[in-house]
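Below: one structure, written as C-alpha cells.
Values in this text are rule-based calculations from the coordinates and carry no lab data. What you are looking at is a predicted structure, and each value in this text was computed from that prediction instead of being measured. Virtual Cβ from ideal backbone geometry, glycine too; neighbours counted across all protein chains shown.
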Amino acid sequence: MESTKSATKVDPKLANAWKTKAGRDLSEPELLAMPEGEYMNDKQLDFFRARLQALKDDLLSNAGETTEHLREDTTVVPDPADRATIEEEHALELRTRDRERKLLKKISQSLARIDAGDYGYCDETGEPIGLGRLLARPTATLSLEAQQRRELKQKMFGD
C-alpha cells in the first residue's frame, strides 16, 4: 500500500494550492491533490456549490432557449413531411428538456445537501462518495459500490 502512495506522488504546487485559493477557484487536479483528511472541507464544498450552480444556470438558460425556439417554429408548413420533421424535432427537444428538468431537481437537492452538511457522503452507507465520482457526477448520492449494488438488484429483480 505504501508503494502505491509513493508511485502517485502529488505535485507540491497542486497539493498546497487549496490553502491559498478560494474553493470555487480550484482546478480539478488541485482538488484531487488535496489530502484525504480534508474531504468535504469548506473549500471542497465551495467548489462543488459553484459547479452545481453553474450547471443549474446553464440548464435554466437552455430551457429559455427551448421555449423561444418552440414559439418561433409555429408557422404552418403545408408539406406533411416537413411538418412531421418539425414535430419530431420538437418532441426530441421536449424529451431533452424533461431530462434536464429532472437533473435540475437533483442539482437543487445536492445544493440542499451541501447546506445541510450531507454532501459527498453515501445515502446508504454514510461512507465518502469520493472526489473522482463527484467530479464526474456532482449530483451523486451513492458511493460507487452502493450504486453498483443497486443496479445489480434492479437487473436481477426489475424496478
Simple label model, 7 Å out from Cα along Cβ direction - residue 125 to residue 21, nm: 2.9
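Past 25 Å, Cα to Cα: identify those pairs from 21/105; 106/153; 106/155; 43/106, in the order given. It would help to have the intermediate numbers written out before the result.
Numbers: 21/105 30 Å; 106/153 22 Å; 106/155 23 Å; 43/106 22 Å.
With Cα atoms farther than 25 Å apart: 21/105.
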Estimated inter-spin distance, residue 28 and residue 62, nm [label 7 Å along Cα→Cβ]: 1.7
Amide hydrogen neighbours beyond the local backbone of residue 121, cut-off 5 Å, H modeled: 129
Calculated from backbone phi, Karplus (6.51, -1.76, 1.60) coupling profile of region 53-61 in Hz, x at Gly/Pro: 5, 5, 5, 4, 4, 5, 5, 5, 5
